[in-house]
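The values are calculated or read from the model by the stated rules, or taken from the named source; none is laboratory data. Fair warning: this is a prediction, and the values are worked out from it, not measured in the lab. No Cβ is skipped: glycine too gets one built from the backbone with ideal geometry, and neighbour counts run over all protein chains shown.
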Amino acid sequence: MTTPAIPEGVKRCSTGKFALWLAVVGAVLLWGVYAMFLVWYKGLNQTGMNDAYGFALWIWADLTVIALGGGAFFSGFLTYIIGKKELKSIINYAVIIGFICYSSALLILALDIGQPLRGWFIFWHANVHSMLTEVAFCLSVYFAVLTIEFLPIVLENPKLDRIPFLHHLSHNLHEVMAVFAATGVFLSFFHQGSLGGVAGVLYGRPFAFREGLLIWPWTFFLFTWSAAAVGPCFTVLITRITEKVTGKKLVKQATFRLLAKISGWMLLTYMIAKIIDTWYWAAVTAPAKGFTLMDFYTNNPVYGIWILIAELVICGLLPAVILVTRKGRENNLLLMTGVILAVIGVCINRWVMVLQVMAAPLLPFQDWYMYMPTWQEIATTILPIAYGIILIMLAYRYLPVFPQEKELNSGS
Amino acid sequence: MTKQEQHTRTKRYGMVIDLDRCTGCGACMVACYAENNVPFKKNESDKMLSLNWIRVFKVDNGKPFPDTEICYIPKPCMQCDGRHMEGHSPCVSVCPAVATDYDYPTGIVSQIYTRCFGCRYCMAACPYHARKFNWWDPSWPAEMEKYLNPDVSVRMRGVVEKCSFCYHRYQKARDKAYLEGRDEIYEHEYQPACVEACPTGAMTFGDLLNPEHEVYKLSRSKKAFRLLEKLHTNPKVYYLSSKSWVRRKADNYLEGQSPGQQNNARKTETASH
């Protein structure tokens with residue numbers, strides 16, 4: 001008798017239905033792949049970037065997926081280091097989401113550089129003063145760690161698990177997973193921070209520049225903090241979407257609430273720090289360079305003060321308050337509103353720290369710079385989403401991702 | 001020992017541009033294109049996609065006719081000394097692959113095209129938009145290829161380039177001085193192409209630390225200022241203007257602030273260096 005490829009005791013849709021959906025998402029993926037090859041073949045003239053917008057949609061996407069992928073390191077930290085055993089039911093999925101986010105980030109980086117074949121120069125000719133160097137090193141090593149964390153989940157596929165060597169390898173990897181989780185936490189603190197530092201050290205760009213501690217601008221700490229706060233929200237969001245799509249309960253409600261509670265407190269403390277940082281920047285840092293707060297939010301068609309209010313209040317303080325209150329977490333609608341707003345908040349933060357930095361004029365005789373991405377940029381930004389959906393489809397179908405699934409759906 | 005010999009070691013090559021003299025003719029741009037093998041496209045209407053190592057900006061005082069006044073501001077790379085004047089210019093410290101470097105003997109910020117992998121972090125860091133990206137493969141009309149300067153390498157698609165103060169001219173002048181048994185090069189021996197081409201003599205170039213060089217005196221003039229001084233990038237390109245409205249166009253001022261206050265602050269900074 002042959003071993004089924006689908007994990008024991010769970011129900012999955014028919015192969016035909018699965019293949020159909022795979023083809024639909026695969027078509028989107030191919031569109032992105034076509035755009036990707038156009039960019040590699042013809043160069044970055046395929047984008048809407050220009051000499052004012054050296055950083056644009058891709059760098060935003062990079063920063064955003066890494067922040068959202070922060071759920072992997074922070075959930076790992078809570079599960080293996082702090083000992084929150086309840087989170088073991090969601091840690092596999094957090095790792096897979098993290099793996100998708102980080103592999104996407106590396107792919108986008110490979111697209112974004114003008115000379116992709118020289119990408120290795122960042123390691124070979126490393127400039128220790130550059131935040132981007134630190135990002136490249138930590139990102140690559142952490143991706144390796146995520147791959148190691150993902151490997152035992154893959155090896156639990158029934159067909160692979162039958163092979164004695166792989167079975168024992170998987171078992172032993174599980175045994176030492178705390179070591180990798182700790183390594184991941186250490187690396188993540190640095191590269192999440194360095195990504196914040198990328199903008200914060202730009203002392204020629206008053207919109208981005210922040211003072212800080214020793215060599216690290218305040219954005220270094222704020223980026224790590226926000227990724228730790230919002231990463232788990234993204235894990236909750238994707239898990240809930242997976243539940244909706246599959247029509248199954250995959251994780252206990254209590255686990256969602258615990259993760260949301262921790263996220264809420266992280267978000268609330270982050271928002272307090274972020275508001276203090278914004279106030280100091282507006283009152284001291286920017287005026288010292290000749291700018292008032294409103295100089296950055298007027299005389300242009302896009303970046304009004306609304307974006308600051310949206311980031312700090314609507315998608316910052318509001319979700320934080322929802323998630324720290326018991327009533328907010330126990331009401332499903334409120335919980336999901338809080339989670340979605342928090343995710344949008346971190347997306348806005350990364351957007352302004354990349355795009356608005358480029359847009360704001362510096363010399364009084366220059367105007368705001370506006371930017372419109374091309375379809376190639378949009379397609380290659382959607383490409384990781386299609387890739388992520390396919391990987392999730394495959395993982396959900398063939399791997400025992402959710403240990404509570406059997407128990408939660410035994411009645412159906 | 002002559003004053004010239006006292007300044008043999010560290011130089012700070014810089015430029016002073018007299019905006020009262022600049023007519024905006026663009027000869028500096030043309031000379032730069034020819035000298036540095038800067039490619040161009042058929043359609044150069046989008047200036048943010050144009051490769052130019054020096055670009056002339058037209059600014060006005062914002063008043064209606066007949067009170068309108070116009071000023072032209074040529075803007076090359078500012079060759080910033082960076083905060084604390086230690087060579088950590090905005091672009092140099094961020095480049096992850098050391099593809100741009102601060103040359104301590106001359107103070108010139110270099111760009112190593114074969115090492116640049118096109119991440120464009122330096123462009124994001126530069127407040128002057130002095131850095132240009134090769135969005136396309138470089139090309140010239142066939143007959144023009146014969147006139148490319150053999151002393152300057154052409155750049156490939158996907159890398160950043162910028163004004164080098166015609167560093168290859170410095171290398172040539174240094175070689176000549178060596179062959180003639182001199183440690184020093186004379187002021188006239190090393191002049192960038194834009195400075196030589198300026199028909200009104202609005203541009204002056206030399207060692208900002210050498211009292212015998214013209215730029216030494218000009219950069220210390222009451223009319224001298226730099227672009228965006230409040231950012232503390234410490235550029236080595238100075239401008240001269242007798243008009244206060246032009247001075248106000250060079251930096252950002254809060255209500256009640258004036259360019260004069262800033263000039264005093266900068267003088268203290270330069271003197272302490």
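Quick notes on this structure:
- Hey, B:F57 closer than 11 Å to B:V160 by Cα, within 13 Å of chain A (Cβ to nearest Cβ) and touching a strand residue (DSSP E or B) at 6+ places or on another chain (Cβ under 6 Å) or not: no
Okay, residues lined up against (1) within 14 Å of chain B (Cβ to nearest Cβ); (2) free of Cβ contacts under 8 Å to residues at least 60 places away in the same chain; (3) hydrophobic (A, V, I, L, M, F, W, C):
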{"site": "A:V24", "(1), (2), (3)": "no, yes, yes"}
{"site": "A:V39", "(1), (2), (3)": "yes, no, yes"}
{"site": "A:L44", "(1), (2), (3)": "yes, no, yes"}
{"site": "A:M49", "(1), (2), (3)": "yes, no, yes"}
{"site": "A:A67", "(1), (2), (3)": "no, no, yes"}
{"site": "A:F74", "(1), (2), (3)": "no, no, yes"}
{"site": "A:N92", "(1), (2), (3)": "no, no, no"}
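- Verdict on A:S75 being polar (S, T, N, Q), out of contact with any Asp or Glu (no Cβ under 8 Å at 6 or more places or on another chain) and crowded, with 24+ Cβ neighbours inside 10 Å: yes
- Counted residues, segment B:48-105 - those being within 19 Å of A:F209 (Cα to Cα), among the β-branched types (V, I, T) and touching a Lys or Arg at 6+ places or on another chain (Cβ under 8 Å): 0
- Across segment A:104-114, not a single residue is classified as among the acidic types (D, E), closer than 25 Å to A:I390 by Cβ and within 10 Å of the chain's Cα centre (by Cα).
- Residues located in segment A:158-181, provided they are surrounded by 16 or more Cβ atoms within 10 Å (Cβ to Cβ) and over 16 Å from A:P400 (Cβ atoms): A:F180, A:A181
- When we screen B:Y253, B:Y239 for residues that are within 14 Å of chain A (Cβ to nearest Cβ), among the hydroxyl-bearing types (S, T, Y) and over 19 Å from B:G107 (Cα atoms), the only hit is B:Y253.
- Subset of segment B:231-246 (residues that are surrounded by fewer than 21 Cβ atoms within 10 Å (Cβ to Cβ) and outside any loop (DSSP other than H, G, I, E, B)): B:S244, B:W245
- Single residue of segment B:145-191 satisfying the filter (outside any loop (DSSP other than H, G, I, E, B) and aliphatic (A, V, I, L, M)) that is nearest to B:C80 (Cα to Cα): B:V160
- Checked against the criterion of being farther than 30 Å from A:S89 by Cβ and either at pLDDT 95 or above or within 14 Å of chain B (Cβ to nearest Cβ) (or both), segment A:383-394 contains one or more residues that satisfy it.
- Test for B:L227: is it within 14 Å of chain A (Cβ to nearest Cβ), surrounded by 14 or more Cβ atoms within 10 Å (Cβ to Cβ) and under 18 Å from the mean Cα position of the chain (by Cα): yes
- The residues listed here are B:V215, B:V237; of these, the one that is closer than 22 Å to B:P90 by Cβ, in contact with a Gly (Cβ under 9 Å, 6 or more places away or on another chain) and not aromatic (F, W, Y) is B:V237.
- Residue tally, condition more than 7 Å from chain A (Cβ to nearest Cβ), within 14 Å of B:C80 (Cα to Cα) and touching a residue at least 40 places away in the same chain (Cβ under 8 Å), over segment B:110-130: 4
- Verdict on A:R257 being of a type in the set (D, E, K, R), in a helix (DSSP H, G or I), in contact (Cβ under 8 Å) with a residue 12 or more places away in the chain and crowded, with 21+ Cβ neighbours inside 10 Å: no
- Of everything in segment A:51-65 that is touching a residue at least 12 places away in the same chain (Cβ under 8 Å) and not in a helix (DSSP H, G or I), the residue that is nearest to A:T381 (Cα to Cα) is A:A56.
- Annotation: of all residues in segment B:89-102 being touching a residue at least 12 places away in the same chain (Cβ under 8 Å) and more than 7 Å from every other protein chain (Cβ to nearest Cβ), the one that is farthest from A:L109 (Cα to Cα) is B:Y102.
- Residue check for B:E161: among the acidic types (D, E), touching a strand residue (DSSP E or B) at 6+ places or on another chain (Cβ under 8 Å), more than 15 Å from B:A31 (Cα to Cα) and modelled with pLDDT of 95 or more: yes
- Looking across segment B:18-53, just one residue is touching a strand residue (DSSP E or B) at 6+ places or on another chain (Cβ under 6 Å), within 14 Å of chain A (Cβ to nearest Cβ), closer than 20 Å to B:F205 by Cβ and crowded, with 19+ Cβ neighbours inside 10 Å, and that is B:L19.
Per-residue answers, yes or no, for (1) of a type in the set (S, T, N, Q); (2) surrounded by fewer than 16 Cβ atoms within 10 Å (Cβ to Cβ); (3) more than 14 Å from chain B (Cβ to nearest Cβ); (4) touching a helix residue (DSSP H, G or I) at 6+ places or on another chain (Cβ under 7 Å):
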site: A:G290; (1), (2), (3), (4): no, no, no, yes
site: A:Y297; (1), (2), (3), (4): no, no, yes, yes
site: A:W306; (1), (2), (3), (4): no, yes, yes, no
site: A:V313; (1), (2), (3), (4): no, yes, yes, no
site: A:T325; (1), (2), (3), (4): yes, yes, yes, no
site: A:N332; (1), (2), (3), (4): yes, yes, yes, no
site: A:V343; (1), (2), (3), (4): no, no, yes, yes
site: A:L363; (1), (2), (3), (4): no, no, no, no
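- A:D62 meets all of the listed conditions (1) surrounded by fewer than 21 Cβ atoms within 10 Å (Cβ to Cβ); (2) charged (D, E, K, R); (3) within 20 Å of the chain's Cα centre (by Cα) but one, namely (1).
- A:L214 within 30 Å of B:D251 (Cβ to Cβ), more than 14 Å from chain B (Cβ to nearest Cβ) and at pLDDT below 95: yes
- Entirely in segment A:95-203, the helices (runs of 4 or more DSSP H) that have 3 or more residues that are touching a residue at least 24 places away in the same chain (Cβ under 8 Å): A:131-155, A:177-200
- A:L267 in a helix (DSSP H, G or I), away from chain B (no Cβ under 14 Å) and of a type outside the set (D, E, K, R): yes
- Residue within segment A:359-370 that is out of contact with any strand residue (DSSP E or B) (no Cβ under 8 Å at 6 or more places or on another chain) and part of a helix (DSSP H, G or I) present: yes
- Close Cβ contacts (under 6 Å, 6 or more residues apart or on different chains) running from residues in segment B:183-204 that are in contact (Cβ under 8 Å) with a residue 24 or more places away in the chain to residues that are acidic (D, E) comprise B:A193/B:E35; B:A202/B:D18; B:T204/B:E214.
- Of the criteria (1) farther than 30 Å from A:L44 by Cα; (2) more than 17 Å from the chain's Cα centre (by Cα), which one B:M156 fails: (1)
- Candidate set: segment B:131-146, residues that are at the interface with chain A (Cβ under 8 Å from one of its Cβ atoms) and surrounded by fewer than 17 Cβ atoms within 10 Å (Cβ to Cβ); chosen: the one nearest to A:A199 (Cα to Cα): B:W136
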